[in-house]
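Asker: My questions all concern the structure below.
What follows is calculated from the coordinates using simple rules that are stated; it is not laboratory data. These numbers were taken from a predicted model, which means no experiment stands behind them. Cβ atoms come from the backbone with ideal geometry, glycine included; neighbour counts cover every protein chain shown.
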Amino acid sequence: MNKFVFDSKSTPDTKAWMSSIISITICISVFFVIGTVSLLFYDIVIGFLLLIVVFGILYTPYRYMLTETALMIKRYFGNITIPLTQIQEIRLFADTDKKGIIRAFGVGGFAGNYGIFSSNIHKILHVYTRRNSNWTLIVTPQKKYVIAPNDIHFIEAVQEQIKKNELSLHPINIKICI
C-alpha cells in the first residue's frame with residue numbers, strides 16, 4: 001500500500017493573480033472589439049475563450065502529494081506521477097535557472113504556468129505551477145519538472161523520503177565479531 005507522507009496545495013500568489021486578471025482583461029477587450037465585426041465571428045471568439053478557460057482550469061495543478069514511493073502532481077485532468085526512485089535532484093529553482101525562460105508550448109499567465117518551457121540553462125522544462133514563487137526543479141533521467149508548492153518544506157520532505165527509501169533498500173549490515 002502506498003502511504004501518504006506529505007501534501008502541499010498549489011494556490012496562486014499575488015503575481016499569478018495579477019497575470020490572470022490582465023490575461024482575462026485583454027481577452028474580454030479583444031472579445032468586444034472583434035465581436036462588433038460579425039456575429040458569427042463573435043460566437044467563434046466566445047467559444048474559443050471558453051475553451052481556454054476550461055482547459056486552463058482542468059490542466060492547472062492544484063496540489064502536490066508525496067507518498068512513500070512517488071511525487072504526484074494533482075490536476076483536475078491528467079495527474080502526473082514521478083517515482084521517487086527516478087528523482088536525481090530536487091531543489092529551489094534559482095534565478096540563474098529562470099534566465100531566458102520562454103514558453104514553448106503551454107500556458108504562461110492565466111491560471112498559472114504549465115506546459116513545456118525552455119531557458120538558457122535547461123533546454124526542456126515541464127512546468128506545472130500556479131504561483132510564481134517557490135519554483136522547485138525536479139530532475140529525472142527522462143525529464144526536468146518545475147512545480148511550485150505553497151509549503152517550501154515539501155522539498156525537504158521529498159529529500160527525506162528518498163533517503164529513507166534508499167536506506168530501506170540498502171540496509172546497513174553490522175557484524176559483531178567476538
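Asker: Residues of the stretch 114-141 being in contact with a helix residue (DSSP H, G or I) (Cβ under 7 Å, 6 or more places away or on another chain) and either among the aromatic types (F, W, Y) or more than 15 Å from I102 (Cα to Cα) (or both), which ones? Even if it seems obvious, please write down each step before you answer.
Answerer: In the first step, residues of the stretch 114-141 are kept if they are in contact with a helix residue (DSSP H, G or I) (Cβ under 7 Å, 6 or more places away or on another chain); the result is 114, 119, 121-122, 130-132, 136-137, 140-141.
The answer is Y114, R130, R131, T136, L137, T140, P141.
Asker: If Y59 passes every condition in (1) more than 11 Å from the chain's Cα centre (by Cα); (2) within 28 Å of K3 (Cα to Cα) but one, which one does it miss?
Answerer: (1)
Asker: Just a yes or no: is a residue in the stretch 70-88 charged (D, E, K, R), closer than 29 Å to N165 by Cα and in a strand (DSSP E or B)?
Answerer: Residues of the stretch 70-88 that are charged (D, E, K, R), as a first pass: 74-75.
When the remaining residues are screened for being closer than 29 Å to N165 by Cα, the result is 74-75.
Next, from what is left, pick out any that are in a strand (DSSP E or B): 74-75.
Yes - at least one qualifying residue is present in the stretch 70-88.
Asker: Here are P141, P149: which of them is surrounded by fewer than 20 Cβ atoms within 10 Å (Cβ to Cβ), of a type outside the set (G, A, S) and not in a strand (DSSP E or B)? Spell out the reasoning first.
Answerer: Details: P149 fails: surrounded by fewer than 20 Cβ atoms within 10 Å (Cβ to Cβ).
Answer to the check: P141.
Asker: Taking F41, is it of a type outside the set (S, T, Y), within 19 Å of S23 (Cβ to Cβ) and not in a strand (DSSP E or B)? Outline the logic, then answer.
Answerer: Numbers: of a type outside the set (S, T, Y): yes; within 19 Å of S23 (Cβ to Cβ): no; not in a strand (DSSP E or B): yes.
Spelling it out, it is not the case that F41 is of a type outside the set (S, T, Y), within 19 Å of S23 (Cβ to Cβ) and not in a strand (DSSP E or B).
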